[in-house]
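The values are calculated or read from the model by the stated rules, or taken from the named source; none is laboratory data. As the structure is a prediction and not an experimental result, all values here were calculated from the model. Every residue, glycine as well, gets a Cβ built from its backbone with ideal geometry; the counts of neighbours run over all protein chains shown. The area values use the complete protein model at the heavy-atom level, side chains included, leaving out ligands, DNA and RNA. Shrake-Rupley method; radii C 1.70, N 1.55, O 1.52, S 1.80 Å.
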Amino acid sequence: GENVEQHPSTLSVQEGDSAVIKCTYSDSASNYFPWYKQELGKRPQLIIDIRSNVGEKKDQRIAVTLNKTAKHFSLHITETQPEDSAVYFCAASNQGGGADGLTFGKGTHLIIQP
Amino acid sequence: DSGVTQTPKHLITATGQRVTLRCSPRSGDLSVYWYQQSLDQGLQFLIQYYNGEERAKGNILERFSAQQFPDLHSELNLSSLELGDSALYFCASSARDGSDTQYFGPGTRLTVL
């Protein structure tokens with residue numbers, strides 16, 4: 001089955017700086033890669049996703065890049081703000097076959113230092 | 001608010017007991033997914049239902065079972081509970097199978113004493 005590795009497990013950046021979180025996946029059939037943000041005790045919330053027919057996607061301060069050949073994808077957050085502090089999860093699945101449960105990475109605790 | 005609802009919010013029970021967690025998907029969504037989140041295992045996919053039928057199984061234990069009813073709500077049944085089953089259980093829903101974003105509910109926190 002699919003295996004998703006996520007790094008780093010903790011990331012501390014100064015407010016206003018950029019943050020980058022990286023993930024690798026093992027199953028070349030995976031074609032959907034969402035990123036979720038989870039605050040303490042709350043539900044995971046989708047912040048951005050990318051499908052394998054696209055190399056990069058941006059939404060304001062957030063961007064995701066995908067390298068299918070190397071089987072890795074990354075989340076980039078620019079101009080970080082205190083409200084960006086949370087745990088971020090990457091995930092992968094094979095959509096289109098009808099069975100698309102997400103395989104998650106272990107998460108990155110992002111700390112924005114004032 | 002994602003539109004996915006889960007009850008109860010918290011559940012405290014003893015080892016060996018059985019509990020049922022309930023999920024109502026977003027209006028119009030046909031797919032329901034169950035996930036378990038614990039400190040040691042992270043977020044793990046358990047099972048997926050689509051329009052009443054089981055579609056995929058992940059790391060779901062044999063002591064756990066689920067179903068999706070004609071009104072599309074879903075229940076996750078956990079039996080012979082062990083201390084290690086203590087976790088947050090999330091339900092997610094998507095519009096169809098295989099093509100859409102999964103939206104998560106608020107979760108049920110299960111504590112097994």
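Observations on the structure shown:
- Taking θ as phi - 60° and the Karplus parameters 6.51, -1.76 and 1.60, the scalar couplings of the stretch A:50-55 work out to 9, 10, 6, 8, 10, x Hz in sequence order, x denoting glycine and proline.
- Each Cα pair under 8 Å and six or more residues apart adds its separation to the average, and for chain B the resulting relative contact order is 37 percent.
- GNM top mover of B:Ala14, B:Ala66, B:Ala95 - chain B, alpha-carbon springs below 10 Å: B:Ala14
- Solvent-accessible area of the stretch A:1-92 (1.4 angstrom probe, protein heavy atoms only): carbon and sulfur portion equals 45 percent.
- For chain A: relative contact order, % (alpha-carbon pairs under 8 angstrom, 6 or more apart): 37 percent
- For the stretch A:68-114, residues shielded by at least 10 square angstrom of accessible area compared with the chain on its own, probe 1.4 Å: A:Phe89, A:Gln95, A:Gly96, A:Gly98, A:Ala99, A:Asp100, A:Gly101, A:Leu102, A:Phe104, A:Lys106
- Environment charge of A:Asp59, counting only residues whose C-beta is closer than 13 Å and scoring Lys/Arg +1, Asp/Glu -1: +2
- Close amide H pairs (under 5 Å, H built 1.01 Å from N) link A:Ile48 with A:Trp35, residues at least 5 positions away or on another chain.
- Partners for B:Lys9 among lysines (Cα-Cα distance below 22 Å; same-chain residues under 8 apart left out): A:Lys37, A:Lys42
- Surface share of carbon and sulfur [accessible, 1.4 angstrom probe, percent] for the stretch B:1-42: 49 percent
- Solvent-accessible surface of the stretch B:1-85, averaged per residue with a 1.4 angstrom probe and all protein chains in place: 52 square angstrom.
- The listed residues B:Ile47, A:Ile62, once ranked by accessible area (1.4 Å probe) with the largest placed first, stand as A:Ile62, B:Ile47.
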